[in-house]
Amino acid sequence: FLYSPNKEKICQVLENGQVRDNENYETSIHKMSAKYLNKTNHNGWKFFYAYYQNQFLLLDELRYICQKDS
């Protein structure tokens with residue numbers, strides 16, 4: 001799951017890389033973050049958080065951790 005900056009569960013990551021919220025809206029992380037910010041587009045890497053190793057990490061930080069570890 002991905003969370004907003006205030007740690008509200010927003011959407012689920014799908015196998016195809018898209019995300020889906022509780023309204024069944026399916027799109028990219030960028031368009032989803034824009035939806036919740038009432039914008040046309042937004043950088044989802046800088047908006048969403050993921051729960052990883054007992055802490056919330058900004059998705060942008062987590063992707064670099066995962067790239068480094070692979």
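The values are calculated or read from the model by the stated rules, or taken from the named source; none is laboratory data. Model, not experiment: these values are computed from the prediction. So basically every Cβ, Gly included, is an ideal-geometry build from the backbone, and we count neighbours across all protein chains shown.
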### Message
Suppose we filter Ser70, Ser4, Ser28 for residues that are modelled with pLDDT under 95 and among the small types (Gly, Ala, Ser); which single one remains?
### Response
Ser70
### Message
Six or more apart or on different chains, Cβ atoms under 7 Å: show the pairs whose first residue is in region 39-61 and touching a residue at least 12 places away in the same chain (Cβ under 8 Å) and on the phi < 0 side of the Ramachandran plot and whose second is polar (S, T, N, Q) and in a loop (DSSP other than H, G, I, E, B).
### Response
Gly44/Ser28
### Task
Return a yes/no flag: does region 42-56 have any residue that is farther than 15 Å from Phe1 by Cβ, of a type in the set (Ser, Thr, Tyr) and under 11 Å from the mean Cα position of the chain (by Cα).
no
